[in-house]
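Worksheet for the structure shown next.
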Amino acid sequence: MRKIAYAIILLITITSCVEKYWSNIDKYEYALVVDGFLTNGSEPALVQLSFSSQINMQELIPAIGAELTITSETQLEIPFVETEPGIYKASDTSFHGEIGSSYQLHIKLPNGKSYESDFCTMPHTSSLDSVYGKEENQKSLNSNDMLSGIQFYVDNHTTIPNDTIYYLWRLTQTIKYRASFTLDYTYSGEFIPFPNPDSLRTCWLTTPVSQIFIFSTKLYDNSVIRNFPINYVSTESKALSIRYSLLVKQLSISKDAFDYYNTLKQQNIEQGDFYSEQPIQIRGNIVNVANPEEAVLGYFTVASVTEKRVFVNRPHLPFIFFECKRDYDLRWIRWSQYTWPLYLTENELGKALGPRPSCFDCREEGGKLTPPDFWE
């Protein structure tokens, strides 16, 4: 009875100290989200507009039908065109930012609301000297196991002495990979030979790297950066299985932009722990012209850029990514749980069934059958 009494007292104490926490996120539902970049590089200015969704129903809601322009301090005005839902590009593809000049983004939505950014000045550029990878072992994010892979690094320097430089690196990776099997037959009640069995096996897939890589020389006397770690690619995926390419864009950004991305990076880290700092919605440099108190998310970044691309062949490391297994028991193929047509391969043991179409068709994993123009 004494133990029961202690348990009841403990339960009452615990429940009396717990209060429900409801974060003030209602004002961020269906808020405008702006992801805009203007550089002095070869690519046209690009802005992605969307609306935030409910926290329990995360989805991309593109903001379509908007009118966008960029104006400069010299009264230059560049309109944008919507190339995909919510994706806007400068109509004049020859327009690029100039170092030392200031630019402002203007947005008008179909509902009549108007938004604009601060005037943002393009900083001086810094040289991206090299991008390279080293074979390293790192701890898995999902367990305590050590993974083999390649850690990529950058070296750079600036020609502006005694000046603080703020860096943001944006990365895009392209992988060449293969499906597990050649597609020799399809089955829809009968076995039908497939022409060019190897034609669907090899693909190239290009995706952005979602991590945020930033650095400031504020606390450093030396303006040279050496061995700064960026993307790590492990052997638990197909990324390194044949050939891998990493495009590194080094952006010189303003202090305000650096502070924004630094806060965004910290929030992404903190959200992994329930008892860490509560997540916040980070407001950038975009405001509603008529109602500055309206919550607007995202940032219009004006930056000078230098870039390099690196290629890496398959390293001599152990790979642990999933490979499809053959099933030679075709006696029950007519009553298979998989949707027809079924895909089959063939070798010295005869026809074999794979568990899914991606085992035979590399496009099922998102890739394309033709290499990109830059591929070597």
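The values are calculated or read from the model by the stated rules, or taken from the named source; none is laboratory data. Quantities reported herein were computed from a predicted structural model and do not represent experimental measurements. Glycine also receives a Cβ, built like all others from the backbone with ideal geometry; neighbour counts cover every protein chain displayed.
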Next on the checklist: Where the second residue is among the β-branched types (Val, Ile, Thr) and at pLDDT 75 or above and the first is under 13 Å from Phe191 (Cβ atoms) and lies in region 324-341, which pairs have Cβ atoms under 7 Å and are six or more apart or on separate chains?
Outcome noted: Pro341/Thr186
Next on the checklist: Checking the conditions here, which among Ser52, Ser16, Ser23 is exposed (fewer than 11 other Cβ atoms within 10 Å of the Cβ), modelled with pLDDT under 90 and over 26 Å from Glu307 (Cα atoms)?
Outcome noted: Ser16
Item to check | Failed item in (1) small (Gly, Ala, Ser); (2) modelled with pLDDT under 90; (3) under 19 Å from Gln151 (Cα atoms), with Ser241 passing the rest | outcome: (2)
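Conditions (1) farther than 29 Å from Thr306 by Cβ; (2) loosely packed, with under 14 Cβ neighbours inside 10 Å; (3) at pLDDT 90 or above, marked per residue:
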site: Leu38; (1), (2), (3): no, no, yes
site: Ala45; (1), (2), (3): no, no, yes
site: Ile61; (1), (2), (3): yes, no, yes
site: Thr74; (1), (2), (3): no, yes, no
Checklist outcome for this item: Quick count over region 100-139, residues being in contact with a Lys or Arg (Cβ under 7 Å, 6 or more places away or on another chain) and part of a loop (DSSP other than H, G, I, E, B), is 0
Item to check | Candidate set from region 347-356 (those that are free of Cβ contacts under 8 Å to residues at least 60 places away in the same chain and part of a loop (DSSP other than H, G, I, E, B)); member that is farthest from Pro371 (Cα to Cα) | outcome: Leu349
Next on the checklist: Among the residues of region 106-134, what is the count of those that are aromatic (Phe, Trp, Tyr) and farther than 20 Å from Leu46 by Cβ?
Outcome noted: 1
Checklist entry - List pairs: first in region 82-98 and in contact (Cβ under 8 Å) with a residue 12 or more places away in the chain, second among the polar types (S, T, N, Q) and assigned to a strand (DSSP E or B), Cβ under 8 Å, 6+ apart or cross-chain? => result Gly86/Gln48; Gly86/Ser50; Ile87/Gln48; Tyr88/Gln48; Lys89/Thr83; His96/Thr39; Gly97/Thr39; Gly97/Ser304
Checklist entry - Only one of (1) at pLDDT 90 or above; (2) touching a helix residue (DSSP H, G or I) at 6+ places or on another chain (Cβ under 6 Å); (3) surrounded by fewer than 18 Cβ atoms within 10 Å (Cβ to Cβ); (4) not β-branched (Val, Ile, Thr) is not met by Glu277, so which one is it? => result (1)
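Quick grid of which residues meet (1) out of contact with any Pro (no Cβ under 7 Å at 6 or more places or on another chain); (2) in a loop (DSSP other than H, G, I, E, B); (3) crowded, with 16+ Cβ neighbours inside 10 Å:
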{"residue": "Val305", "(1), (2), (3)": "yes, no, yes"}
{"residue": "Arg309", "(1), (2), (3)": "yes, no, no"}
{"residue": "Cys324", "(1), (2), (3)": "no, yes, yes"}
{"residue": "Arg331", "(1), (2), (3)": "yes, yes, no"}
{"residue": "Trp340", "(1), (2), (3)": "yes, yes, no"}
{"residue": "Thr345", "(1), (2), (3)": "yes, no, yes"}
{"residue": "Arg363", "(1), (2), (3)": "yes, no, no"}
Checklist outcome for this item: Among strands (runs of 3 or more DSSP E) entirely inside region 156-224, those with 2 or more residues being in contact with a Leu (Cβ under 6 Å, 6 or more places away or on another chain), closer than 25 Å to Leu240 by Cβ and in contact (Cβ under 8 Å) with a residue 60 or more places away in the chain are 166-178
Checklist outcome for this item: The lone condition His124 fails out of (1) in contact with a strand residue (DSSP E or B) (Cβ under 8 Å, 6 or more places away or on another chain); (2) at pLDDT below 95; (3) surrounded by fewer than 17 Cβ atoms within 10 Å (Cβ to Cβ); (4) farther than 25 Å from Lys218 by Cα is (4)
